[in-house]
Amino acid sequence: MNAFTLNRRAVMLSAVIGATSTFLGGAAGVVQAQTKTPGSGNIGHYRFRVGEITATVLSDGVIGGPPRIYASDAPEAELQEVLRRAFLPTDHLTLNLNTLLIENAGRRILIEAGAGGTMGPNAGRIFANLAAIGLDPADIDVVVVSHTHPDHVGNLRTADGTMAFPRATVFVPRADWEFFVRNDPDLSYMPVPEDFRVRFGAAIKHSLEPYAKNVELYEAGAEIVPGLSTIAAFGHTPGMANFIVHSGNDQLLLTADLAYHPVVNVDNPWRPGPDRDKNAALASRRRIFDMAAADRIPVLGFHYPFPGLGRMLKTDGGYAWVPANWQF
Ligand SMILES: [Zn+2]
């Protein structure tokens, strides 16, 4: 081990410790205030159409952590270089939370609930963004989540322990409910400190607890409502699904957490550390990215830079993410 290696290891370690405190943030299993500081005043909603369906990306804000968590098998020097070339910080990767509202035949369906206060102080904006388009949580008829990680279910519970979307039927993948809610899973596969894992597991149960009596458990492959079907994308979690919003000849594919950030998990093939079954996750990623590329389907990446819309391009060595142009 030479001086360079030692130095690099020391830098890595301090980066992980420094950023872990941010990553851990408010992951106390308690949803905190639902309205956050207003920030710059930039909008956090983006409307477009899928055939007859009106679709609106509603941002819940951002989470993030050490890049290493999201690119678990990347050689350190390569990871640093890739981040630098993408003009990204090398010690912290920011992940967006792009929930999607679809309105079809008089029903409002929210796909993913967002993190709320479960994963740091920079999320929980979905309620302000709903209000900005003239809607209230009571206007939501259905909430569907791809899997039950806290950044997808955190907003389901209010600070006083009631249902944040009081009229909504909540759909959760059956295998995730069994794994995370009914049981006490061994989360040692996650490359985070033990106290984080404990809070992560508790936040899932806590967020879903108000819905325990009337949750709708679904199997991947089910059509949730007309115009919204699910496809199996197991690996990241036991039950993770992807979604296809469809109307006439138009489609939109929601890839949930097949990839965290396009720079490390699409443009580079590195594996997300929180994938429970890394080989199954890789197979799902390839199968679904191949389909998206072959059929040129518009894609929404839940954690990609807002609004997260674009297309998947097949390259010689893998894939490339091509963001969509902004539409006014
Ligand atoms: Zn996620």
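The values are calculated or read from the model by the stated rules, or taken from the named source; none is laboratory data. Quick caveat: nothing in here was measured; it's all calculated off a predicted structure. No Cβ is skipped: glycine too gets one built from the backbone with ideal geometry, and neighbour counts run over all protein chains shown. Side chains included, ligands, DNA and RNA excluded: accessible areas come from the protein's heavy atoms. Shrake-Rupley method; radii C 1.70, N 1.55, O 1.52, S 1.80 Å.
Ordering 179-189, 62-72 by mean Cβ neighbour count within 10 Å, with the highest value first, yields 62-72, 179-189. Over the C-alpha trace of the chain, radius of gyration and Dmax come out as 18.8, 65 angstrom. Mean separation of Cα pairs under 8 Å and 6+ residues apart, divided by the residue count of the chain: what relative contact order is that in percent? Relative CO of the chain lands at 18 percent. Only protein atoms count toward the accessible area here, which uses a 1.4 Å probe; on the chain, the carbon and sulfur part of that area reaches 54 percent. A Förster radius of 25 Å combined with the Cβ-Cβ distance from LEU313 to GLU52 puts the calculated FRET efficiency at roughly 0.35. Projecting the Cα atoms of ALA233, LEU252, ALA77 onto the dipole axis of the range 3-323, where Lys and Arg carry +1 and Asp and Glu carry -1 at the beta carbon, places ALA77 farthest toward the positive end. Here the peptides 124-137, 265-278, 314-327, 74-87 are ranked by packing, the mean other Cβ count within 10 Å, and the order with the highest first is 265-278, 124-137, 74-87, 314-327.
Database remark: amide H of ALA222 closer than 5 angstrom to the amide H of THR230 (H placed geometrically; neighbours at sequence offset of 5 or more, or on other chains; Pro and chain starts carry no H). Taking a straight line from the alpha carbon of LYS278, these aspartates and glutamates sit under 17 Å away, with near neighbours fewer than eight places off in the same chain left out: ASP73, ASP176, ASP186, ASP257. Does the range 191-328 come out rounded, prolate or oblate by the C-alpha gyration tensor, with a ≥ b ≥ c the root eigenvalues, rounded set by a/c under 1.5 and, if not, prolate when a/b is larger than b/c and oblate if not? Oblate, because a/c is 1.5 or more while a/b does not exceed b/c.
The length gained by stretching the chain between THR90 and ARG296 to full extension, at 0.36 nm per residue less their Cα-Cα distance, is 71.0 nm.
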